[in-house]
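Peer 1: Dropping a structure here in structure tokens format, bear with me for questions.
The values are calculated or read from the model by the stated rules, or taken from the named source; none is laboratory data. Predicted model, so just to flag it, every value in this text is computed and none were measured. Here the Cβ positions follow ideal geometry from the backbone for every residue, glycine too, while neighbour counts run over all protein chains shown.
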Amino acid sequence: MPHLLGPVHFAAALVALAGGALVLWRRKGTAAHRRLGWTYVVAMLVLNVTALLIYRLTGRFGPFHVAALISLATLVAGIVPAWRRRPANWLDRHYFFMAYSYVGLLAAAVAETASRVAVVQEVAGGPSPAFWITVAVVSAMVFVVGSRVVKGRAERTMRPFRR
């Protein structure tokens with residue numbers, strides 16, 4: 001089954017990217033929002049679990065495994081308040097954690113693409129310093145832009161749901 005990890009991971013990433021985009025850009029609080037949201041959550045769970053099982057890059061637990069754990073924590077931190085409708089600021093927690101979960105997914109996708117396009121990974125000796133620099137720089141760029149978008153849309157997105 002290890003030969004299926006990569007394809008399953010990739011498929012889950014595509015579903016999460018598409019589903020997450022739809023959730024973020026469509027109207028909130030609807031049945032469609034909840035269905036798409038759960039699709040995103042399941043895809044992210046599959047994506048992160050498979051990420052934790054992939055060791056081909058470095059041969060050991062590494063930074064991408066840590067990122068998968070952070071991603072899982074962010075996902076849970078976004079789901080639980082919406083599910084429980086508690087604490088009092090559950091809406092803010094749901095919005096910010098889920099939005100940053102998607103920003104993290106975008107950062108991973110851009111870093112993966114940039115590192116492959118730049119061909120900065122050594123074949124025999126593992127990732128080169130250029131690989132790690134590329135991943136760090138493009139991830140930081142996505143987080144800077146993503147943070148501006150998330151914060152800029154927060155009030156407009158949550159206003160209809162405030163009491």
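Peer 1: Any residue in the range 90-98 that is in contact with an Asp or Glu (Cβ under 9 Å, 6 or more places away or on another chain) and free of Cβ contacts under 8 Å to residues at least 12 places away in the same chain? Explain how you work it out, then say what you get.
Peer 2: Within the range 90-98, the subset in contact with an Asp or Glu (Cβ under 9 Å, 6 or more places away or on another chain) is none.
No, every residue in the range 90-98 fails to be in contact with an Asp or Glu (Cβ under 9 Å, 6 or more places away or on another chain) and free of Cβ contacts under 8 Å to residues at least 12 places away in the same chain.
Peer 1: Scan the range 12-29 and tell me whether some residue there is in a helix (DSSP H, G or I), closer than 25 Å to P129 by Cα and without any contact (Cβ under 8 Å) to a residue 40 or more places away in the chain.
Peer 2: Within the range 12-29, the first condition is being in a helix (DSSP H, G or I), and the residues that meet it are 12-25.
Now restrict to residues that are closer than 25 Å to P129 by Cα: none.
For the range 12-29, residues in a helix (DSSP H, G or I), closer than 25 Å to P129 by Cα and without any contact (Cβ under 8 Å) to a residue 40 or more places away in the chain: absent.
Peer 1: I would also like to ask the following. Taking F131 as the residue in question, decide whether it is modelled with pLDDT of 95 or more, hydrophobic (A, V, I, L, M, F, W, C) and surrounded by 13 or more Cβ atoms within 10 Å (Cβ to Cβ). Don't jump to the end; show me each part of the working.
Peer 2: Values: modelled with pLDDT of 95 or more: no; hydrophobic (A, V, I, L, M, F, W, C): yes; surrounded by 13 or more Cβ atoms within 10 Å (Cβ to Cβ): yes.
Judged against the criteria, F131 is not a match.
Peer 1: Being at pLDDT 90 or above, among the aliphatic types (A, V, I, L, M), assigned to a helix (DSSP H, G or I) and buried (at least 18 other Cβ atoms within 10 Å of the Cβ) narrows it down to one residue among A107, A136, A154; which is it? Walk me through how you get there before you give the answer.
Peer 2: Values: A136 fails: buried (at least 18 other Cβ atoms within 10 Å of the Cβ); A154 fails: buried (at least 18 other Cβ atoms within 10 Å of the Cβ).
The conditions single out A107.
Peer 1: Among the residues of the range 26-37, write down those that are surrounded by 16 or more Cβ atoms within 10 Å (Cβ to Cβ) and either among the aliphatic types (A, V, I, L, M) or on the phi > 0 side of the Ramachandran plot (or both).
Peer 2: As a first pass, look at the range 26-37 and keep what is surrounded by 16 or more Cβ atoms within 10 Å (Cβ to Cβ): 28, 36-37.
L36 - this is the single residue of the range 26-37 that is surrounded by 16 or more Cβ atoms within 10 Å (Cβ to Cβ) and either among the aliphatic types (A, V, I, L, M) or on the phi > 0 side of the Ramachandran plot (or both).
For (1) touching a Pro at 6+ places or on another chain (Cβ under 7 Å); (2) loosely packed, with under 14 Cβ neighbours inside 10 Å; (3) within 14 Å of H94 (Cα to Cα); (4) basic (K, R), each residue gets a yes or a no:
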{"residue": "T39", "(1), (2), (3), (4)": "no, no, no, no"}
{"residue": "A43", "(1), (2), (3), (4)": "no, no, no, no"}
{"residue": "L47", "(1), (2), (3), (4)": "no, no, no, no"}
{"residue": "Y55", "(1), (2), (3), (4)": "no, no, no, no"}
{"residue": "P63", "(1), (2), (3), (4)": "no, yes, no, no"}
{"residue": "V66", "(1), (2), (3), (4)": "no, yes, no, no"}
{"residue": "T74", "(1), (2), (3), (4)": "no, no, yes, no"}
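Peer 1: Here is a follow-up. Considering only residues that are surrounded by fewer than 20 Cβ atoms within 10 Å (Cβ to Cβ), closer than 25 Å to L91 by Cβ and at pLDDT 95 or above, which ones fall in the range 1-25?
Peer 2: Selection gives L17, A18, A21, L22.
Rundown of residues vs (1) under 20 Å from V149 (Cα atoms); (2) of a type in the set (F, W, Y), yes/no style:
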{"site": "L4", "(1), (2)": "no, no"}
{"site": "F10", "(1), (2)": "no, yes"}
{"site": "A13", "(1), (2)": "no, no"}
{"site": "L17", "(1), (2)": "yes, no"}
{"site": "L24", "(1), (2)": "yes, no"}
{"site": "V46", "(1), (2)": "no, no"}
{"site": "A51", "(1), (2)": "no, no"}
{"site": "F64", "(1), (2)": "no, yes"}
{"site": "A73", "(1), (2)": "no, no"}
